[in-house]
Amino acid sequence: MLARRRSESPVVNILGISFYVSVVMFKLLLVGGFIMYYIIPKYKVIFEGFDAKLPALTERVISISNIGVNFWYLFILGNSSGAGRCLDGDGICAGLARPGTGVG
């Protein structure tokens, strides 16, 4: 009985780790989405009042924020359809499989 528990432990541990990582990633996406949707547009208004050329990185972040604010629904649709399309019955993405092996 003790040997059986030891052999099942890594599976349970991997499931716990993957759950933890998915929760952390979800929270990071929420925080990043909040920053892109709420904070950066407010800074954009402040920067427009400077009448100065902004650094390229700042302009890139503002443009990414604009895309996220204007097309947020495409990110949701793209992620949900991509995940469903990628997984087949074996849980392997067919598009990433190595030729002849069936394994990604």
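Within 30 Å of I62 (Cβ to Cβ), modelled with pLDDT under 90 and either in contact with a strand residue (DSSP E or B) (Cβ under 8 Å, 6 or more places away or on another chain) or assigned to a helix (DSSP H, G or I) (or both), is that true of G16? Steps first, answer last, please.
Working: within 30 Å of I62 (Cβ to Cβ): no; modelled with pLDDT under 90: yes; either in contact with a strand residue (DSSP E or B) (Cβ under 8 Å, 6 or more places away or on another chain) or assigned to a helix (DSSP H, G or I) (or both): yes.
So G16 does not fit the description; no.
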* Asked: Does G95 count as exposed (fewer than 10 other Cβ atoms within 10 Å of the Cβ), among the small types (G, A, S) and modelled with pLDDT under 50?
  -> yes
* Asked: Which pairs do you get when a residue that is in contact (Cβ under 8 Å) with a residue 12 or more places away in the chain, found in the range 62-79, comes within reach of a residue that is small (G, A, S), reach meaning Cβ atoms under 6 angstrom, with the pair 6+ apart or on two chains?
  -> none
* Asked: Considering the range 46-92 alone, what residues qualify as being assigned to a loop (DSSP other than H, G, I, E, B) and modelled with pLDDT of 75 or more?
  -> G49, F50, D51, A52, K53, L54, P55, F71
* Out of (1) of a type in the set (D, E, K, R); (2) surrounded by 10 or more Cβ atoms within 10 Å (Cβ to Cβ); (3) at pLDDT 90 or above, what's the single condition that is false for K42? -> (2)
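The values are calculated or read from the model by the stated rules, or taken from the named source; none is laboratory data. Predicted model only: the values in this text are computed from it and were never measured. Every residue, glycine among them, receives a Cβ derived from its backbone with ideal geometry; neighbour counts consider all protein chains shown.
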